[in-house]
Amino acid sequence: MMITKQKIEAFKKLISEGQSLISDKGKINAPECEAWKTKCLYTLKRIALHGIPDVEILNSDCAPQMALAQLQIACTSASNWLIRQDSANQTSKQQGKVILCLHCGNKTYMNMVSAHKDHWGDDCTGIWSVNLWCLYFCPVCSKVTLEHNYTFSENEYLDDYGNMRPITETTTLYPHSSSSEAGIPIGIRNSFEAAQKVRHIDGAICALSLRRTLEMVCKDKGETVGNLFTKLQNLSKKGVLPQILDRMASVLRELGNVAAHADDTVNEFPTEFVPDLIEFTDIILNYLYVLPSKIQNIQSKINNQAN
Ligand SMILES: [Zn+2]
């Protein structure tokens, strides 16, 4: 017997049949209840033979309530097994996908060149998790991207067919970019991503986008008066931004000004600075948003343990 979605639906039907028979005290010794029990024990045996964990094969003299309870356990176990199987199949089928390359800024189809999977499961509770690392190769710049996918059985969403499905969280481990991290306000994150996308298309536009990202950061941190340089200086004076970052910010400001105001020299924009500008913006976002968010996470973990 193959465990399929249809089979699990049939088990559920058998469960609800049993529930209504058992809840009616007059029927518990009736032949129809006995017939149901025979069907139930046969089903349990078939599920057990399939290698689904925690399925007990019962004797025919067991109480119908016992058979029903075992069938409920077996049904949960079988449906967890099926979800696990599904996600394993999806992984082996997934050979590549369209990714934004953070090295070259191209959004392109990349082949998956390697993968490693680590599976954990507790058969008593049916709780499981899967860690999957995938390595993709960019055909444009010949560099790799490492992704981590984490699936936890208890973290679910409702799919279009009304079934609970586990959510897979994907993070890019390499190359590192703060824009993929938690804690950065969505508008700032989008603006930074937009800058990264055009880095190889137009260095001047990239610098302008980075400047816009920094303007948004200043506004978010309560600095609204003056030009970008004054705002960054004020943030530095207040201690929000360390002084070393403030000095880098002024370099970015000057390059941004070149890109914005000298229309006739846009073509001469020093594109060799673009990677440094991106890295610098990344450091600022990391310092102002990502690190505090991580520290807060650690703090709340410590508080939870103390309570
Ligand atoms: Zn690339």
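Computed over the Cα atoms of segment 186-306, the ratio of the radius of gyration to the Kirkwood radius (Rg/Rh) comes to 1.05.
Once Rh for the chain is found with the Kirkwood sum over Cα pairs, what is the Stokes-Einstein diffusion coefficient at 20 °C and 1.002 mPa s, in µm²/s? Spell out each step's value before the answer.
Details: Rh = 24.2 Å.
Answer from the Stokes-Einstein relation: 89 µm²/s.
Need one word for segment 162-255: rounded, prolate or oblate. Basis is the Cα gyration tensor (sqrt eigenvalues a ≥ b ≥ c); a/c below 1.5 gives rounded, then a/b vs b/c decides. It comes out prolate by the Cα gyration axes. Give the shape of segment 96-176 as rounded, prolate or oblate, defined through the alpha-carbon gyration tensor: a ≥ b ≥ c are the square roots of its eigenvalues, a/c under 1.5 means rounded, and otherwise the shape is prolate if a/b is larger than b/c and oblate if not. Prolate.
For the chain, the longest principal axis of the alpha carbon atoms and the long axis of helix 186-197 meet at an angle near 70°.
Which one, PHE152, VAL240, GLY162, is farthest towards the positive end of the dipole of the chain when Lys and Arg carry +1 and Asp and Glu -1 on their Cβ? About the Cα centre, the residue reaching furthest to the positive side is GLY162.
Against the chain, whose longest principal axis comes from its Cα atoms, helix 31-49 is set at around 50 degrees.
3J(HN,Hα) along segment 144-154: 9, 10, 10, 10, 10, 10, 10, 10, 10, 4, 8 Hz, from the Karplus curve 6.51 cos²θ - 1.76 cosθ + 1.60 with θ = phi - 60°, whole Hz, x for Gly and Pro.
In the chain, the longest principal axis of the Cα atoms and the axis of helix 291-306 are about 40 degrees apart.
Taking 8 Å as the Cα distance limit and 6 or more residues as the minimum spacing, I'd like the relative contact order of segment 173-234 as a percentage. Don't jump to the answer; show the numbers that get you there.
Numbers: 37 pairs, mean separation 14.2, N = 62.
Once divided by the residue count of segment 173-234, the mean separation gives 23 percent.
Per-residue packing, averaged as other Cβ atoms within 10 Å, sorts the ranges 3-14, 101-112, 295-306 into the order 101-112, 3-14, 295-306, beginning with the highest.
Using only alpha carbons, segment 5-92 has a radius of gyration to Kirkwood radius ratio (Rg to Rh) of 1.04.
Readers should treat all values here as calculations from the given coordinates under stated rules, not as data from a laboratory. Keep in mind it's a predicted model, so treat the numbers as computed, not measured. Please note: Cβ atoms are built from the backbone with ideal geometry, for glycine as well, and neighbour counts cover all protein chains shown.
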